[in-house]
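See below for the structure under consideration.
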Amino acid sequence: MKIIKVALLSIVVVTLTNCASGYKMIAPKTINYYSTDEVNNVKLEYKYDLLEKKYAKKEVNKGVKVVAVKLTNNSDKDVIFGKDITLAYENGTEIFVMENDKVFKALKQQSGFYLFYLLLTPMNFYTTENGRQTSSTPIGLVVGPGLAGGNMIAAGSANTKFKEELLAYNIIGTIIKKGETKYGLIGIKADSHDALKLKAE
């Protein structure tokens, strides 16, 4: 009976710490931006710390930060983000903005990871009476495939939402017309939350 309790406890711990996480939409247009910079009448507003749960952990592990940006063109001419204006750190070092599909590949949840739950398939639940085994139930046939399938579906759904939002707010190469405001999500290779500034080319 003690072995059964230990096994069940282990399953609960593994399940709670390794479940797929959902994806909370960032919605750059609804964010309150506090960090700003301006060059040639083009204003930059931005925000770090957008992702949650497994996606946030991936940011740390992969050294990739997702940043929401709001660009307002108050100049008298159209500008192209990534050509006429680029991003740099405060010390002047230019920032390499990753393509959004590469950001997705770096930070997405690995659905195949949850196949390890299939290792629970052979698990049986034994009952004993007066020290003798009276029955065994193959609960692993339900638990293993159930956890594997459920988590793979959840991870796949979250990844789809993440990818769609990254693509919807892909701002690289976007023309920002005079008087216009554009919102975007970018990925940069960074381990910290250094201040960003606009740089005119």
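Scanning the range 93-108 for residues that are open to solvent by 20 Å² or more (accessible area, probe 1.4 Å) and in a loop (DSSP other than H, G, I, E, B) yields 93, 96, 99, 108. Of the residues screened, residue 186 is not one that is at pLDDT 95 or above and either small (Gly, Ala, Ser) or assigned to a loop (DSSP other than H, G, I, E, B) (or both).
Output the residues belonging to the range 107-135 that are modelled with pLDDT under 95 and closer than 19 Å to residue 189 by Cα. Spell out how you get there, then give the answer.
Filtering the range 107-135 for residues modelled with pLDDT under 95 gives 108-135.
108, 109, listed by residue number.
Six or more apart or on different chains, Cβ atoms under 8 Å: show the pairs whose first residue is in the range 190-201 and part of a loop (DSSP other than H, G, I, E, B) and whose second is of a type in the set (D, E, K, R) and open to solvent by 70 Å² or more (accessible area, probe 1.4 Å). Between residues of the range 190-201 that are part of a loop (DSSP other than H, G, I, E, B) and residues that are of a type in the set (D, E, K, R) and open to solvent by 70 Å² or more (accessible area, probe 1.4 Å), the close pairs are 193/49; 194/90; 195/90; 201/83.
The values are calculated or read from the model by the stated rules, or taken from the named source; none is laboratory data. Computed from a predicted model, the values in this text were never measured in an experiment. Ideal geometry is used to build each Cβ from the backbone, glycine not excepted, and the neighbour counts take in all protein chains shown. These accessible areas exclude ligands, DNA and RNA; they are computed on the full protein's heavy atoms, side chains included. Shrake-Rupley method; radii C 1.70, N 1.55, O 1.52, S 1.80 Å.
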